[in-house]
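Contents: one structure, followed by commentary.
Coordinate-derived values only; no laboratory data. Values in this document were obtained by computation on a predicted structure and should not be read as measured data. Quick reminder, even Gly has a Cβ in these numbers, built from the backbone with ideal geometry, and neighbours come from all protein chains shown.
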Amino acid sequence: MTRYACFIGCLLLALFSTPTSAMANLPDFTTWLDQVRAEALARGISPATVASGLDGLTPLDYVIEQDRKQMPRSDGQKRTGMYSRYLQRVMPPQKIERAKARYLERRNLLRRINAHFGVPGHYLVALWGIESHFGDHQGKTPVIQALATLAYDGRRGEFFRGELFRALEIIDQGHIQPESMVGSWAGAMGQVQFMPSSFMNFAVDFDGDGRKDIWSNEADALASAANYLNANGWRSGQGWGEKVVLPKGFNTRLAGLNTRKTLAQWRRLGVRHIDGPGHLQASLLLPDGTNSPAFLVYDNFRVLLHWNRSQSFALTVGHLAHRLYALERKTFP
């Protein structure tokens, strides 16, 4: 019995060991970092940038703690009511009012961006508000340090290793200084919270000053968001979706992104409050379960899922964008 208890105690200690103890062996990290340094130089990143980004780097325990909190539930079940709670948390009334003010203040810039990329400004302001509270909450974690930590010890080491090299390339190209490259614990940066690979693929210098500055330049940040959506298939002139009403006894097994029907077909099934051409393809979502609000979502909703795979996130973007669109029509009929 004593041996068994000892075994169980050791097992529990291993299962619940802290990130601090898991990452205490810094010589291993140092050896790994030397390999990263060599690969960065082989990729053509300048020695000065490699030194400024990697010299003296140590892992961040709280980054690992945050990463492990993202692991899925062990029972594989989704919690109900997630969308309603998410909407209340990230979209309080004061944020909606601030979004309206920002939308009106930046209207001319947003029109120019829309003319160039075909993405209406109400979606950009919605993303801007949700991602960084209009640039006020961009994160304070050193991005290079966070990415190195996740690449070394995280669940997706290869992914974050690639992001680390992209971040060094951004510094090497002169878009930002290493000490100013701060963001979320996962390495998302700037007013639109781009990962480094998204920056390399989609960031734009909209004001023509020679830098792609998504941190302090609103024009660059919002235009970069528009470029991202456009490049991922945004359909100009088409909305994201709409809230609808289901008939009593509706077959909820038709809900989900894997089922696509035309709006005409949904109408024939009794779905009400549909506002769109009959040929438009849409999927039905019940984000909080069978008794939740119902939405028909279009191809642009799927583009928003490229940005963030959370359906709650994409629905919240659509919700705020709809409010801003209504403001536009009321203010400038």
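Amide H to amide H distances under 5 Å link Phe194 with Met189, where only residues 5 or more positions off or on other chains count and H is placed in the peptide plane. By other beta-carbon atoms within 10 Å, ranking Lys212, Lys261, Lys248 with the fewest at the front produces Lys248, Lys261, Lys212. Residue pairs exceeding 24 angstrom between C-alpha atoms, taken from Lys243/Lys330; Lys69/Lys140; Lys140/Lys212; Lys95/Lys248; Lys95/Lys330; Lys261/Lys330: Lys95/Lys248; Lys261/Lys330. Per the Debye formula with a single identical scatterer at each Cα and no solvent contribution, what log10 I(q)/I(0) holds for the range 106-194 at q = 0.15, 0.18, 0.20, 0.24 Å⁻¹? One equal scatterer on each Cα of the range 106-194 leads to -0.66, -0.84, -0.93, -1.07. Summarise the long-distance tail of P(r) for the range 152-255 by giving the % of C-alpha pairs beyond 18 Å. The proportion of pairs with Cα distances above 18 Å equals 58 percent. For the pair His306 and Asn232, the difference between a 0.36 nm per residue extended length and the Cα-Cα distance amounts to 25.9 nm.
Near Val182, the amide H atoms lying under 5 Å from its own belong to Val143; only residues 5 or more places off or on other chains count, and H is placed 1.01 Å from N. With N the number of residues in the range 79-153, Rg(Cα) / (2.2 N^0.38 Å) evaluates to 1.43. Measuring nothing but how far apart in sequence close Cα pairs (under 8 Å, 6+ apart) lie, relative to its length, the chain scores a relative contact order of 17 percent.
Per residue of the chain, the DSSP helices (runs of n ≥ 4 H) give a summed -39500 (n - 2.57) that works out to -16500 deg cm²/dmol at 222 nm.
Phi-derived couplings, Karplus 6.51 cos²θ - 1.76 cosθ + 1.60 at θ = phi - 60°, listed residue by residue for the range 221-226: 5, 5, 5, 5, 4, 5 Hz, with x used for Gly and Pro.
For the chain, the longest principal axis of the alpha carbon atoms and the long axis of helix 143-153 meet at an angle near 70°.
When Cα Rg over 2.2 N^0.38 Å is computed from the coordinates, the matching label among [x] 1.27; [y] 1.06; [z] 1.15 is [z].
Distances between every pair of Cα atoms in the range 215-333, grouped in 10 Å steps from 0 to the bin holding the largest one, split as 12, 41, 33, 11, 3, 0 percent. Taking the number of Cβ atoms within 10 Å of each Cβ as an exposure proxy, the fewest-first ranking of Asp136, Asp28 is Asp136, Asp28. Computed 3J(HN,Hα) for the range 91-103, one whole-Hz value per residue from the Karplus formula 6.51 cos²θ - 1.76 cosθ + 1.60 where θ = phi - 60°, is 10, x, x, 5, 6, 4, 5, 5, 4, 4, 5, 5, 4, glycine and proline marked x. Under a 5 Å amide H cut-off, with hydrogens placed 1.01 Å from N, Ala294 pairs with Val244 among residues at least 5 apart or on other chains.
Against the chain, whose longest principal axis is taken from its Cα atoms, helix 26-42 shows a tilt of about 70°. Taking other Cβ atoms within 10 Å as a rough exposure proxy, Asp55, Asp67 sort from fewest to most as Asp55, Asp67.
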